Amino acid sequence: MKSPGSATAAGTERYRKRFDGNIAPEHFRHAQGLWLSSIGIGTYLGNYDDATDQEYHQAVVHAVQSGCNVIDSAINYRLQRSERSIGTALKELATKAYNRDEIVVATKGGFIPYDATPPKDPKGYIESTFIQTGLANAADIIAGCHCMTPAYLLDQLDASRRNLDLECIDIYYVHNPETQLGKISKDEFNRRLVAAFEAMEGKIRMYGVASWNAFRGEPDAKDYLSLPEVVGLAEQAGGKNHHFKVIQLPLNLGMSEALSNANQPLHGHQHTLLETAQELGITVMCSASVLQGQLTKNLPPIIHETFTGLETDGQRALQFVRSTPGVTTALVGMKQKKHVDENMRTARIVPAPWEQYSKLFQHESS
């Protein structure tokens, strides 16, 4: 029996109050009616084996007990095993009096997932699992790995609910839809995205797009997306009261485009992605906060001088993301309890004021 309920205003407020006096109040941010931790646990990397499953299970439990109530995954992460590890962790947390309504669970659909282990015949697996079942036609599957037909996404949403053992997923992203740009026409892409959003309306309380390149690049890039245009597509799908409420994209010391690149058209001017999202009421979750571990060592002295009160470069890199105006949650992969402890120590430090470090990432908005 799937765990009932979802994250709620009252539940996330109750969770926030658990940590009064132990975590800086600024660690929790109010977004879309919920209280979300400024650090979220990601579950992307790792082997597809039982040992890593158990590591993630323990890390998720420890993270929630340490003040992190945002859990991020995708059905293709570790061949569905990351979602399943989260599911078992949530079951254990329920026995420890951490209620479902306190925790925000996000996952994604788009990339075709294998099931626990790689199939011997990947092409045959896709044919029998997705094409012969009517979830997609061959032309709907781009680059042999990506699909966003309504039937496919709804099937993936149901599969994620089974993996997570939840009746309700709080946030559901169309995963890297820009994978299809350049392979099909822009008009066809927009048609597919509207159809995907229509499938989400009425099925999920809050949905969005998780991207890698789409919102960071230049407008002439083949995989670029305009956030105002995407919100317009959501309005086509669900009207003015649509449920497109959140996006995810990378932001870190090495990939600062969301903060520094004025590439989004809004009201006749170019703005950064973060400025645009704030204006449109879209919550921003940031992935790759420590760039898959690359920013956890050898940062330059100016970073040490700017982000004070911290012990490690990983914490400083994380502090940059969670201090950036317009960011709700900085996501960081954590599959070991010691990583949870290191990262959550950052939550005890008040985020750095913008004026303190804006000189590192200047931009011009025209």
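The values are calculated or read from the model by the stated rules, or taken from the named source; none is laboratory data. Just so you know, these numbers come straight off a predicted model, no measurement behind them. Methodologically, a virtual Cβ is constructed for each residue, glycine included, from the backbone with ideal geometry; neighbour enumeration extends over all protein chains shown. These area figures cover heavy atoms from the full protein model, side chains too; ligands, DNA and RNA do not enter into them. Shrake-Rupley method; radii C 1.70, N 1.55, O 1.52, S 1.80 Å.
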Per-residue HN-Hα couplings for the range 63-68 [Karplus 6.51, -1.76, 1.60; θ = phi - 60°; Hz; x = Gly/Pro]: 5, 5, 5, 9, x, 10
Using the per-residue mean of other Cβ atoms lying within 10 Å as a proxy for protection, in what order, highest first, do the peptides 229-238, 325-334 fall? 325-334, 229-238
Arranged from highest to lowest average of other beta-carbon atoms within 10 Å per residue, in what order do the peptides 250-260, 17-27 appear? 250-260, 17-27
Cα centroids of the range 51-65 and the range 287-366: how far apart, whole angstrom? 22 Å
Distance between Cα centroids, the range 163-177 to the range 217-236: provide it in whole Å. 22 Å
Taking a probe of 1.4 Å and leaving out DNA, RNA and ligands, the chain shows per residue an accessible area in Å² of 41 Å²
Relative contact order for the chain using alpha-carbon pairs under 8 Å, separation at least 6, rounded to a whole percent? 19 percent
Ranking by accessible area, most exposed first, for 205, 16, 84, 192 with a 1.4 Å probe: 205, 84, 16, 192
Please identify, among 211, 160, 128, the residue showing maximal mean-square fluctuation in a Gaussian network model of the chain using a 10 angstrom Cα cutoff. 128
Can you run phi through the Karplus equation (6.51, -1.76, 1.60; θ = phi - 60°) for the range 185-196 and list ³J(HN,Hα) in whole Hz, with x for Gly and Pro? 5, 5, 4, 5, 4, 4, 4, 5, 5, 4, 4, 5
Per DSSP, the loop-located trypsin sites (Lys or Arg not before Pro) within the range 254-332 having at most 13 other beta carbons within 10 Å are 297
Antiparallel %, DSSP beta bridges [both residues in the chain], to 5: 25 percent
Once residue 190 and residue 338 are pulled to full extension, the length gained, defined as 0.36 nm per residue separation minus their Cα-Cα distance, is 48.9 nm
Give me, ordered by chain and number, the residues 5 or more places off residue 24 or on other chains with an amide H under 5 Å from its own placed amide H. 348, 349
Any of 2/245; 17/96; 91/203; 91/120; 17/338; 120/222 with alpha carbons more than 27 Å apart? Name them for me. 91/120; 120/222
Choice from 75, 131, 39 with maximal GNM fluctuation in the chain (Cα, 10 Å cutoff): 131
How would you classify the range 114-235 from its alpha-carbon gyration tensor, with a ≥ b ≥ c the square roots of the eigenvalues: rounded for a/c under 1.5, else prolate if a/b is greater than b/c, otherwise oblate? oblate
Report the extension gain between residue 355 and residue 20 in nm, rounded to one decimal, defined as 0.36 nm multiplied by the number of residues separating them, less their alpha carbon distance. 117.9 nm
Phi-based couplings in Hz for the range 338-343 (Karplus 6.51, -1.76, 1.60; Gly and Pro marked x): 5, 5, 4, 4, 5, 5
With a 1.4 angstrom probe the carbon and sulfur portion of accessible area for the chain, in percent, totals 49 percent
Quick check: convex hull of the Cα atoms in the range 183-300, volume per residue, rounded to a whole Å³? 124 Å³
Would you mind putting 65-72, 28-35 in packing order, based on average other-beta-carbon counts within 10 Å, highest first? 65-72, 28-35
Using Cα pairs closer than 8 Å and at least 6 residues apart in sequence, work out the relative contact order for the range 1-141, in percent. 27 percent
If a paramagnetic tag sat 7 Å from the Cα of residue 168 along the Cα-Cβ line, which residues of the range 109-153 would have the backbone N under 20 Å from that point? 109
For residue 266, what residues show an amide H to amide H distance below 5 Å, using hydrogens built from the backbone and excluding near sequence neighbours? 271
Whose amide H sits under 5 Å from the amide H of residue 334, counting only residues 5 or more places off or on another chain, with H placed in the peptide plane? 42
Distance between the C-alpha centers of the range 237-279 and the range 74-132? Whole Å please. 28 Å
